[in-house]
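**Q** Structure in structure tokens, see below.
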Amino acid sequence: MRFAVPLTGGMLSPHFGHCEQFALIDVDPAKKVITRKHVIDSPGHQPGFLPTWLAEQGVSVVLTGGMGPRAQALFQQNRIKVVIGVMESNPDRAVLDYLNGKLVVGDNVCDH
């Protein structure tokens, strides 16, 4: 199972499409542990590109602070689950909290 977490300054980015990098975090869902993490530069904000690109990277779940409705629909078409309103800024902690059913989410901080 692979997560994508958008990063700005090394922390979870509140605006998915405008992040600097992505943390790609592989997990063992049965053991609820991170098995691998690597950070890649964002290819930039290009409408409709990121859902397909992240699907090609093997991502199954995106954790983000905010994302517009069009992007959410495109991720669903690519069979990627999107969790919006993530309040935890540490990407590793956000993934572990998700796996353990403890992830706190709030409002979607993106309205476009």
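**Q** With the condition being at negative phi, surrounded by fewer than 20 Cβ atoms within 10 Å (Cβ to Cβ) and aliphatic (A, V, I, L, M), I'd like the strands (runs of 3 or more DSSP E) fully within segment 1-57 carrying at least 3 qualifying residues.
**A** Values: elements: 2-8, 21-28, 33-41.
Fully inside segment 1-57 and qualifying: 33-41.
**Q** Could you check how many residues of segment 60-87 are outside any helix (DSSP H, G or I) and under 12 Å from the mean Cα position of the chain (by Cα)?
**A** Start the filter on segment 60-87 by keeping residues that are outside any helix (DSSP H, G or I), which leaves 60-68, 78-87.
Filter once more, so that each one left must be under 12 Å from the mean Cα position of the chain (by Cα): 60-67, 80-86.
Matching residues across segment 60-87 total 15.
**Q** Filter segment 11-54 down to residues that are free of Cβ contacts under 8 Å to residues at least 24 places away in the same chain and among the small types (Gly, Ala, Ser) and give me whichever is farthest from Ser89 (Cα to Cα).
**A** Ala30
**Q** Take the residues in segment 84-104 that are free of Cβ contacts under 8 Å to residues at least 40 places away in the same chain and surrounded by fewer than 17 Cβ atoms within 10 Å (Cβ to Cβ); name whichever of them is farthest from Pro14 (Cα to Cα).
**A** Within segment 84-104, the first condition is being free of Cβ contacts under 8 Å to residues at least 40 places away in the same chain, and the residues that meet it are 84-85, 87, 93, 97, 101-102, 104.
Subsequent filtering for residues that are surrounded by fewer than 17 Cβ atoms within 10 Å (Cβ to Cβ) retains 87, 93, 101-102, 104.
On the way: Met87: 9, Arg93: 16, Gly101: 21, Lys102: 19, Val104: 14 Å.
Looking at the filtered set, the residue picked out is Gly101.
**Q** Within segment 27-57, track down each residue that is closer than 17 Å to Arg79 by Cβ and among the charged types (D, E, K, R).
**A** Scanning segment 27-57 gives a single hit, Glu56.
**Q** Looking only at segment 43-59, how many residues end up being over 12 Å from the mean Cα position of the chain (by Cα) and more than 17 Å from Val27 (Cβ to Cβ)?
**A** Residues that pass the stated criteria total 10.
Readers should treat all values here as calculations from the given coordinates under stated rules, not as data from a laboratory. Being a predicted model, the structure only gives us computed values, none of them experimental. No Cβ is skipped: glycine too gets one built from the backbone with ideal geometry, and neighbour counts run over all protein chains shown.
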